[in-house]
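Trainee: Okay, handing you the structure first.
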Amino acid sequence: MESKKLLEIKDLKVSFYTPAGEVKAVDGISYDLNEHEVMGIVGESGSGKSVEAYSIIGLLQDPGKVIGGSIRFDGEDILAYTPDQMRQFRGNKVSMIFQNPMTCLNPVYTIGDQLMEALTCHNKNVSKKEAWDRAVEMLELVGINNAEKRMKQYPHEFSGGMRQRAMIAMALICSPKLLIADEPTTALDVTIQAQILELMKDIQKKTGMAIVFITHNLGVVAEVCDRVSVMYAGHIVEQGSVSDIFYRPAHPYTKGLLRSMPRVDELEHERLIPIEGTPVDLLDPPAGCAFGPRCEHCMKVCLKKPRPLWRWETTAILRPAGCT
Amino acid sequence: MDERKALLEVQHLRKYFPIKSGMFRTEYVQAVEDVTFTLYAGETLGIVGESGCGKSTLGRSILRLHEPTSGKVIYDGTVIYDGEKKTQISMLPYRKRMQIIFQDPSASLDPRMTVGEIVGEALSVHRPDLKGKAYRARINELLETVGLNSEHSNRFPHEFSGGQQQRVGIARALAAEPEFIVCDEPISALDVSIQSQVVNMLEDLQKERSLTYLFIAHDISVVRHISNRIGVMYLGQMVELAESYELCSAPLHPYTQSLLSAVPLPDPDKTRARQRTILEGDVPSPLHPPTGCRFHTRCPYATEECAKSAPEWKEHRPGHFASCHKL
């Protein structure tokens, strides 16, 4: 299916200038996202997956800075936006849900106030009545019963799963084209996680928005995503369709991750095959391939050459995997 | 079955936490409610459940880090807690044999002590005979057992990564040379690629030292991997207990069934194709648990009977316990 490109990221570089030195949190990543597509970004803590998302939505905080590359949304360069334009862009076209809903909701306002504010600050000509109705409609969409009553309640009166639902309602109230979900289910229990994933899949089907789904849980990726980017130490090491990544992984890191996970459907007790070593110290990254020191296929060239280039692999689908 | 030696027996264990509500009223959070099981020497019993189901409280009550409210705990033939007779024995000799590994290594290691001191403290309490050179040698030996080296003993916890900190926590637990370790979510704070390293190490240590584990975690796939038997907890009660293969392939209790089907598999075709039972609603508060079967408010098969009377804890197949009216 030929679909339109919604988001194009080219060679994005983000660094944090800390007292201890420069941390290259995101070091040259590129990807495209089509409309209606769900892209999963997987990686461990410190791999730069959240930083990348924050720079798309313009929420990068000091001392973080985009130092190179471009982000185009619907053909427009969003890095060139003024703060005012950015404010219009956020919420209207792109919105975000976060890992911990409790820290993102304001405890002293009712859920209804917060939902309506999200709408009225982006559309000045919406009346209060319309905003209220729309907010109730959104709460119903995300599966909150008694929406009218819930509108008058405060975040602490909601359970964890309910808060995440409210966050999703808030993010979707302006019908954005792209939703960035930063570990939306990590803080939740599995049974609640299943509810939220089901809800997100459902809403995605109904509204047709694109989602960038950031997580460290490969199971969640398998469940909801169309395409996957695997990140390690600020690079995308492998990118492909969900079945390529899970059934035909090319990069040793992806392979290692898949192999090291215990599975609930395993038949016999097999010893896990871990990835040896520890995650990279981004203040002092290794000279060659960032994964080199932990890679079982590491060759001398991996430790010397600056960084493996992306290569188009001639399997069923062309895809880049950053390994020599 | 009975040839195995029972190392730990827990009978009708309860742990309530008092909460002041109003000036004179006290309410109780029923964190652990009537849990009974036997742990055999050399096995790993996994405890799974969602947050707030009382699995950590259970682990700590067994070690009497929380004083239980009632019930009985028998360790290796000795009653170490009896709620009725108010048996209060000194735990010190048992602390040596029963140890615990905590969830968050950065919170459970004292930031002002070096790793050598942390491991050494446990050593000096339980092995006061070790002095000077022998003492230091033992610390280094313990660090090497967990994959660190002797140079690390002069460093502070913050200088280590999460995985290494957890190794220090394990070395500290091993210092007393215990035979039984409660592993309270030992890997949930770690990165995916590090988790398997620690899981493998725990398995190796178990083989070398014939340890018995009570492995508490919320991630059923990890528990499934490491445990011989699994107990599933819901709202303070154990709802099912069976061998891990049987529990995962033929679960009896509806909660276990939905828990298993809620776990996303790292296999896109399989995970999208399978039938799932998605539970409605949230876990009720342990302050006012539902009457009858505690699961009836979310159970897809609940009937009137379930709301009225609590189901019995019964052995439905050999070694497979569950509590549900529908079985």
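Trainee: Go through the stretch B:105-151 and name the trypsin sites (Lys or Arg not before Pro) that are in a DSSP coil and have 14 or fewer other Cβ atoms within 10 Å of their Cβ.
Mentor: Sparse-neighbourhood loop trypsin sites (Lys or Arg not before Pro): B:ARG112, B:LYS131.
Trainee: As an exercise, take the mean of 1/r over every pair of distinct alpha carbons in the stretch A:1-159, invert it, and state the Kirkwood radius in angstroms.
Mentor: Roughly 18.1 Å, rounded to one decimal.
Trainee: Suppose R0 equals 51 Å. What FRET efficiency, 1/(1 + (r/R0)^6) with r the Cβ-Cβ distance, do B:TYR135 and A:ASP113 give to the nearest 0.05?
Mentor: 0.25
Trainee: Roughly speaking, what % of Cα-Cα pairs in the stretch B:194-265 are separated by over 22 Å, rounded to a whole number?
Mentor: 25 percent
Trainee: How well do other chains shield peptide B:268-275, expressed as the mean number of their Cβ atoms within 10 Å of each residue Cβ?
Mentor: What the average comes to for B:268-275 is 5.
Trainee: Okay, moving on. In terms of modelled amide H atoms, which long-range or inter-chain residues lie less than 5 Å from the amide H of B:THR69?
Mentor: B:ARG14, B:LYS15, B:TYR16
Trainee: Still on this structure: Karplus couplings for the stretch B:27-39 from phi (6.51 cos²θ - 1.76 cosθ + 1.60, θ = phi - 60°), rounded to Hz, Gly and Pro as x?
Mentor: Working through the residues one at a time gives 10, 10, 8, 8, 6, 10, 10, 6, 9, 10, 6, 10, 10 Hz.
Trainee: While we're here: How large is the helix-only mean residue ellipticity at 222 nm for chain B, computed as the sum of -39500 (n - 2.57) over DSSP H runs with n ≥ 4, divided by its residue count, in deg cm²/dmol to the nearest 500?
Mentor: Calculated from helices alone, the mean residue ellipticity at 222 nm is -9000 deg cm²/dmol.
Trainee: What angle, in degrees between 0 and 90 and rounded to the nearest 10, separates the Cα long axis of helix A:83-92 from the longest principal axis of the Cα atoms of chain A?
Mentor: 80 degrees
Trainee: Cut-off is 10 Å between beta-carbons; in what order do A:CYS289, A:CYS225, A:CYS104 appear when sorted fewest neighbours first?
Mentor: The most exposed by this proxy come first: A:CYS104, A:CYS225, A:CYS289.
Trainee: So what's the angle, to the nearest 10 degrees on a 0 to 90 scale, between helix B:115-126 and the longest Cα principal axis of chain B?
Mentor: The angle comes out near 80 degrees.
Trainee: If you don't mind, there's one more thing I want to ask. Only Lys, Arg, Asp and Glu count, each charged at its Cβ (+1, +1, -1, -1), so figure out the dipole size of the protein assembly as shown about its Cα centre, rounded to 20 debye.
Mentor: Dipole of the protein assembly as shown, to the nearest 20 debye: 560 debye.
Trainee: Only Cα pairs within less than 10 Å get springs; with that Gaussian network setup on chain B, which residue of B:ARG272, B:ARG294, B:ARG14 has the largest fluctuation?
Mentor: Its mean-square fluctuation being the largest, the pick is B:ARG272.
Trainee: Along Cα→Cβ, 7 Å out, is where each label goes; now give me the distance between the ones at B:ARG127 and A:GLU8 in nm to one decimal.
Mentor: Going from the B:ARG127 label point to the A:GLU8 one covers 6.5 nm.
Trainee: Along the charge dipole of the protein assembly as shown, which of A:PRO249, B:LEU259, B:TYR94 sits closest to the positive end, that is, farthest toward it, with unit charges on the beta carbon of Lys, Arg, Asp and Glu (+1, +1, -1, -1)?
Mentor: Farthest towards the positive pole: B:TYR94.
Trainee: Starting from the Kirkwood Rh over alpha-carbon pairs, what translational D in µm² s⁻¹ does the stretch B:252-307 have by Stokes-Einstein at 10 °C and 1.306 mPa s?
Mentor: Answer, rounded: 124 µm²/s.
Trainee: Something else: Putting +1 on Lys and Arg Cβ atoms and -1 on Asp and Glu Cβ atoms, find which of B:LEU63, A:GLN153, A:GLY21 reaches farthest to the positive end of the dipole of the protein assembly as shown.
Mentor: Going by the charge dipole, the pick is A:GLY21.
Trainee: Counting only the backbone N, which residues of the stretch A:9-28 are under 14 Å from the spot 7 Å out from the Cα of A:ASP284 toward its beta-carbon?
Mentor: Answer for this model: A:20-22.
Trainee: For a 32 Å ceiling on Cα separation, which of these pairs sit above it: A:LYS255/A:LYS304; B:LYS20/B:LYS86; A:LYS149/B:LYS15?
Mentor: A:LYS149/B:LYS15
Trainee: At A:GLN153 and B:LYS85, where each label point lies 7 Å from the Cα along Cα→Cβ, what is the point-to-point distance in nanometres?
Mentor: 4.9 nm
Trainee: Using a basic spin-label model with each label point 7 Å from the Cα along Cα→Cβ, how many nm lie between A:ASP62 and A:LEU267?
Mentor: Once both label points are built, they end up 6.0 nm from each other.
Trainee: Next question. Translational diffusion coefficient of the stretch B:1-81 at 4 °C, 1.567 mPa s, Stokes-Einstein with Kirkwood Rh over Cα pairs, in µm²/s as a whole number.
Mentor: Here the translational diffusion coefficient equals 94 µm²/s.
Trainee: What's the magnitude of the charge dipole for the stretch B:134-271 around its Cα centre, counting Lys and Arg as +1 and Asp and Glu as -1 at the beta-carbon? Answer in Debye, nearest 20.
Mentor: So the magnitude is around 260 debye.
Trainee: With everything on Cα atoms, drop me the angle between helix A:111-120 and the longest principal axis of chain A, reported from 0 to 90° to the nearest 10.
Mentor: It is inclined by approximately 80 degrees.
Trainee: Let me know the charge dipole size of chain A about its Cα centre in debye, to the nearest 20, where only the beta-carbon of Lys, Arg (+1) and Asp, Glu (-1) is charged.
Mentor: With Lys and Arg at +1 and Asp and Glu at -1, about 460 debye.
Trainee: Next question, about the same structure. Over all directions, average the projected area of the Cα convex hull of the protein assembly as shown and note it in nm².
Mentor: The number I arrive at for the protein assembly as shown is 32.9 nm².
Trainee: Let me ask something additional. Give or take rounding to whole Å, what are the principal axis extents of the alpha carbon atoms in the stretch B:125-183, in descending order?
Mentor: Result, largest extent first: 32, 28, 17 Å.
Trainee: Per residue Cα convex hull volume for the stretch A:227-297, in cubic angstrom?
Mentor: Once divided by residue count, the hull of the stretch A:227-297 is 107 Å³.
Trainee: What is the local net charge at B:TYR94, summed over the other residues whose Cβ is closer than 11 Å to its Cβ (Lys, Arg +1; Asp, Glu -1)?
Mentor: Residues close to B:TYR94 contribute a combined charge of +2.
Trainee: While we're here: Along the stretch A:72-77, what does the Karplus equation 6.51 cos²θ - 1.76 cosθ + 1.60 (θ = phi - 60°) give for ³J(HN,Hα), rounded to whole Hz, x for Gly and Pro?
Mentor: 10, 10, 6, x, 9, 7
Trainee: Please list, in chain and number order, the residues 5+ apart from B:VAL146 or on another chain whose amide H is under 5 Å from its amide H, with Hs placed from the backbone.
Mentor: none
Trainee: Write down Rg/Rh for chain B, rounded to two decimals, with Rg from the C-alpha atoms and Rh from the Kirkwood relation over Cα pairs.
Mentor: Here the Rg-to-Rh quotient is 0.99.
Trainee: Out of residues 5 or more away from A:ILE67 or on other chains, whose amide H comes under 5 Å of its own, with H placed 1.01 Å from N in the peptide plane?
Mentor: The answer is A:LYS13, A:VAL14, A:SER15.
Trainee: Sticking with this one: Can you say what percent of the DSSP beta bridges in chain A, counting only those with both residues inside, are antiparallel? Round to 5.
Mentor: Once the DSSP bridges in chain A are tallied, antiparallel ones form about 60 percent.
Trainee: Work from the charge dipole of the protein assembly as shown (Cβ charges, +1 for Lys and Arg, -1 for Asp and Glu, about the Cα centre) and give the residue of A:ASN106, B:ALA171, B:VAL146 farthest towards its positive end.
Mentor: The residue sitting most towards the positive pole is A:ASN106.
Trainee: Rounded to the nearest 500 deg cm²/dmol, what is the calculated helix-only ellipticity per residue at 222 nm for chain A, with -39500 (n - 2.57) per DSSP H run of length n ≥ 4?
Mentor: About -9500 deg cm²/dmol.
Trainee: Residue by residue, what Karplus-based ³J(HN,Hα) values in Hz, rounded to whole numbers, does the stretch A:50-59 have, using 6.51, -1.76 and 1.60 with θ = phi - 60° and x for Gly and Pro?
Mentor: 6, 4, 4, 5, 4, 6, 5, 9, x, 10
Trainee: Here's a follow-up. Counting only other chains, what is the mean number of Cβ atoms within 10 angstrom of the Cβ of each residue in peptide A:253-262?
Mentor: 4
Trainee: Would you kindly compute the Cα radius of gyration of chain A and its largest Cα-Cα separation (Dmax), both in Å?
Mentor: Here Rg and the maximum Cα pair distance are 20.7, 67 Å.
Trainee: Okay, next question. Could you tell me the convex hull volume per residue, in Å³, taken over the Cα atoms of the stretch B:78-188?
Mentor: Enclosed volume per residue, from the Cα hull, is 114 Å³.
All of the numbers you see were taken from the coordinates with simple rules; none came from a lab. Model, not experiment: these values are computed from the prediction. As a convention, Cβ positions derive from the backbone with ideal geometry for all residues, glycine included, and neighbour counts pool all protein chains shown.
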